[in-house]
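Encoded as structure tokens, here's the structure I'll be asking about.
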Amino acid sequence: MAKTYRKVAEFKTVEDFSAYLKSENINIGLAPQVPADGSAALARKAAYKGRTIGNRWAILPMEGWDCMEDGTPSEFTRRRWLNFATSGAKLLYGTEAAAVMHSGRSNPRQLLVADHTADALASICAEMRRAHKDRFGRNDDLVIGLQLTHSGRYSHPNKPDVLESRTAYSHPLLDKKFGNDASNVVTDEEVGEIVRHFIKAAVIAQKAGFDFVDIKHAHGYLGHEFLTAYDRPGSYGGSFENRTRFFREIAEGIRKAAPGLELSARISIFDILPFVKGEDGVGKPMEWSGGRYPYAFGGDGSGMRMDPELTETVQFVKMMEEYGVGLICATIGSPYYNVHMQRPAYYPVSDGYLMPEHPLYNVSRHLEAVCELKKRCPEMLIVGSGYTCLQEYLPNAAEYAVAHGEADFAGIGRMVLSYPEMCADSLSGKTLNRCKICRTFGDCTNAPRNGMVSGCYPLDSFYRQRPEAARLREIKKAAKE
């Protein structure tokens with residue numbers, strides 16, 4: 001039976017919310033306020049590769065699934081990106097999860113980085129810089145990246161309901177969960193082709209005006225999956241050196257083909273067992289009787305929750321430093337097989353499950369793991385994430401984390417869809433607009449999972465007035481029944 005938890009909106013002061021967290025043994029630091037006089041930690045500038053990033057707010061890359069069928073940005077995409085550009089954040093970390101090749105798209109309407117989309121990408125990147133300058137008076141302290149990805153196991157390039165997986169290895173649990181087998185495993189020759197597409201996409205991104213590219217190694221997508229390819233034979237599996245070869249070959253190729261383009265990576269710094277919906281609707285871990293679970297990168301391999309064991313994570317980050325990477329984004333888990341951990345929420349998504357533990361517990365685990373990684377890798381600039389579930393107290397947690405050196409930037413994802421101005425409002429001392437605060441209803445996920453464009457249908461009037469909003473209500477009603 002699912003437990004009911006008090007909603008964040010019930011707490012009227014940061015003191016009351018902090019007391020509640022302590023009563024639940026949830027460790028999340030909260031600053032009393034975000035100073036509006038320019039002294040806030042979030043307002044500090046950051047030095048990055050000879051440049052200055054104007055503050056410590058970052059916008060995280062997401063998958064809008066709202067591009068044209070050929071992968072070109074649409075007006076939906078443009079609207080989202082301009083919201084990012086005028087949010088007040090000075091680091092647009094990745095902007096979008098962009099596929100490097102058609103077969104690696106997670107949806108037929110995912111952004112594609114290719115020759116035929118290059119001009120549109122250049123146009124929208126320039127427009128973001130102009131919009132930011134018009135709003136804030138300058139853009140020389142704005143840094144914009146583009147995330148490059150291959151969806152691997154979660155590829156749906158041609159039809160949103162037809163899975164065309166390409167996996168790093170045969171996974172004993174995920175193959176069962178998603179209906180994969182050995183025929184889905186990419187060959188070494190295919191890996192080489194994928195690497196070439198990453199390099200080509202980076203060249204296109206540089207010409208389009210992006211400051212850096214992010215090589216995605218998170219959330220169970222192909223790059224992340226290679227990090228646990230212990231059972232894969234050949235040069236891309238087994239040893240740590242082989243399991244990180246995919247990243248190294250991409251990084252080496254980009255440095256040669258696009259000199260001056262900075263590199264980054266969003267990584268799931270620890271993982272746990274895959275979860276499924278139990279008979280009572282609550283998430284539960286898949287059965288595993290093989291002793292220590294070896295496929296959770298950065299996890300200790302024991303129990304339902306699994307504690308972070310960051311030895312290989314730190315080793316990977318240190319290796320990236322050798323390739324010139326000075327900025328990463330730290331996330332955890334996957335929205336495909338342990339959504340309660342990666343995207344904690346008070347309301348389950350339509351194809352998900354009820355929370356097996358307090359949503360804010362996993363927020364705390366995320367923030368604590370990022371803090372530990374920062375301690376072990378002090379030279380790396382780290383963008384924290386996982387803050388949205390904190391709702392109106394998100395800025396308080398972000399200020400605390402940056403002020404105490406637990407992260408260098410506070411990154412927001414879902415929240416920016418409903419309330420992009422939160423970054424600017426928090427720094428200016430403006431009272432937060434409670435009507436725009438994300439309450440984790442999940443429609444930004446429910447929509448694309450059901451073949452519709454992503455957006456905040458409950459709170460953004462642009463999406464609320466669209467016909468998809470009514471369809472979503474019916475889908476959620478049916479799922480509840």
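Calculate what fraction, in whole %, of the accessible area of segment 346-460 sits on carbon and sulfur atoms when a 1.4 Å probe is rolled over the protein chains.
Its accessible area is 51 percent carbon and sulfur atoms.
Same structure, new question: Give me, ordered by chain and number, the residues 5 or more places off residue 62 or on other chains with an amide H under 5 Å from its own placed amide H.
96, 97
I would also like to ask the following. So what are segment 5-122's ellipsoid semi-axes, whole angstrom, largest first, if each one is the square root of 5 times an eigenvalue of the alpha-carbon gyration tensor?
After diagonalising the Cα gyration tensor, the semi-axes are 36, 21, 12 Å.
What do you get for Rg/Rh of segment 326-481 when both radii come from the Cα atoms and Rh is the Kirkwood radius?
Value, to two decimals: 0.99.
For the chain, what does -39500 (n - 2.57) per DSSP helix run (n ≥ 4), summed and divided by total residues, give at 222 nm, in deg cm²/dmol to the nearest 500?
After summing the helix terms and dividing by the residues of the chain, the value is -10500 deg cm²/dmol.
Probe radius 1.4 Å, ligands and nucleic acids ignored: give me the carbon and sulfur share of the accessible area of segment 165-293 as a rounded percent.
With neighbouring chains kept in place, the figure for segment 165-293 is 48 percent.
I would also like to ask the following. What GluC sites (Glu not before Pro) in segment 41-106 are in a loop by DSSP, with at most 14 other Cβ atoms within 10 Å of the Cβ? It would help to have the intermediate numbers written out before the result.
Working: sites: 63, 69, 75, 96; in loops: 63, 69.
Within segment 41-106, the qualifying GluC sites (Glu not before Pro) (loop, at most 14 other Cβ atoms within 10 Å) are 69.
What does the charge count around residue 431 come to, taking other residues whose C-beta lies under 11 Å from its C-beta (Lys +1, Arg +1, Asp -1, Glu -1)?
Within the 11 Å Cβ shell, the charges total 0.
log₁₀ I(q)/I(0) of segment 278-336 at q = 0.20, 0.24 Å⁻¹, via Debye over equal Cα point scatterers, no solvent, to two decimals?
At q = 0.20, 0.24 Å⁻¹ the computed log10 ratios are -0.89, -1.08.
How would you rank 308-317, 139-148, 356-365, highest first, on the average number of other Cβ atoms within 10 Å across their residues?
Put in order of decreasing packing, that is 139-148, 356-365, 308-317.
What is the packing order of peptides 366-378, 421-433, 341-353, 322-334, taking the mean over residues of other C-beta atoms within 10 Å and listing the highest first?
322-334, 341-353, 366-378, 421-433
Probe radius 1.4 Å, ligands and nucleic acids left out: which of 239, 264 has the largest accessible area, and how do the rest follow?
Sorted descending by solvent-accessible area, the residues read 239, 264.
Another question, then. Whole-Hz ³J(HN,Hα) for each residue in segment 33-40, computed from phi via Karplus 6.51 cos²θ - 1.76 cosθ + 1.60 with θ = phi - 60°, x for glycine and proline: what do you get?
Rounded to whole hertz, the list is 6, 9, x, 9, 9, x, 8, 5.
What is the distance, in nm, between label points placed 7 Å from the Cα along the Cα-to-Cβ direction at residue 473 and at residue 75?
2.4 nm
Taking every DSSP beta bridge that has both residues in the chain, what percent is antiparallel when rounded to the nearest 5? Don't skip to the answer; put the middle values down first.
Details: 7 of 39 bridges.
Taking every DSSP beta bridge with both residues in the chain, the antiparallel ones total about 20 percent.
Arrange the peptides 119-127, 452-460, 393-401 so that the one whose residues have, on average, the most other Cβ atoms within 10 Å appears first.
Values: 119-127: 16.9, 452-460: 22.3, 393-401: 24.9.
Descending mean neighbour count gives 393-401, 452-460, 119-127.
Hey, can you list the DSSP H helices of the chain whose Cα span along the axis is 20 Å or longer and whose average Kyte-Doolittle score is at least 0.0?
188-208
For segment 40-185, what is the convex hull volume of the alpha-carbon atoms per residue, in Å³?
Values: hull volume 20.3 nm³, N = 146.
Spread over its residues, the Cα hull of segment 40-185 gives 139 Å³ apiece.
Now a separate question. Please list the non-local residues whose amide H lies under 5 Å from the amide H of residue 230, H modeled 1.01 Å from N, same-chain partners needing a gap of 5 or more.
Under 5 Å from the amide H of residue 230 lie the amide H atoms of 238, each far enough along the sequence or on another chain.
Binning at 20 angstrom from zero up to the longest distance, how are the C-alpha pair distances of the chain distributed in percent?
25, 63, 12
Out of the total accessible area of segment 64-143 (probe 1.4 Å, heavy atoms of protein only), what percent is carbon and sulfur?
49 percent
State in Å² the accessible area per residue of segment 49-166; use a 1.4 Å probe, count heavy atoms of protein chains only, and round to the nearest integer.
On the way: 3920 Å² over 118 residues.
Per residue, segment 49-166 has 33 Å² of solvent-accessible surface.
Hey, another quick one. Given 57, 106, 23, which one lies farthest toward the positive end of the charge dipole of segment 1-121, if we put +1 on the Cβ of every Lys and Arg and -1 on the Cβ of every Asp and Glu?
Looking along the dipole axis, the top candidate is 23.
The values are calculated or read from the model by the stated rules, or taken from the named source; none is laboratory data. In this text, all values refer to a predicted model and were calculated from it rather than measured experimentally. Ideal geometry is used to build each Cβ from the backbone, glycine not excepted, and the neighbour counts take in all protein chains shown. Accessible surface is based on the protein model in full, side chains and every heavy atom, while ligands, DNA and RNA are left aside. Shrake-Rupley method; radii C 1.70, N 1.55, O 1.52, S 1.80 Å.
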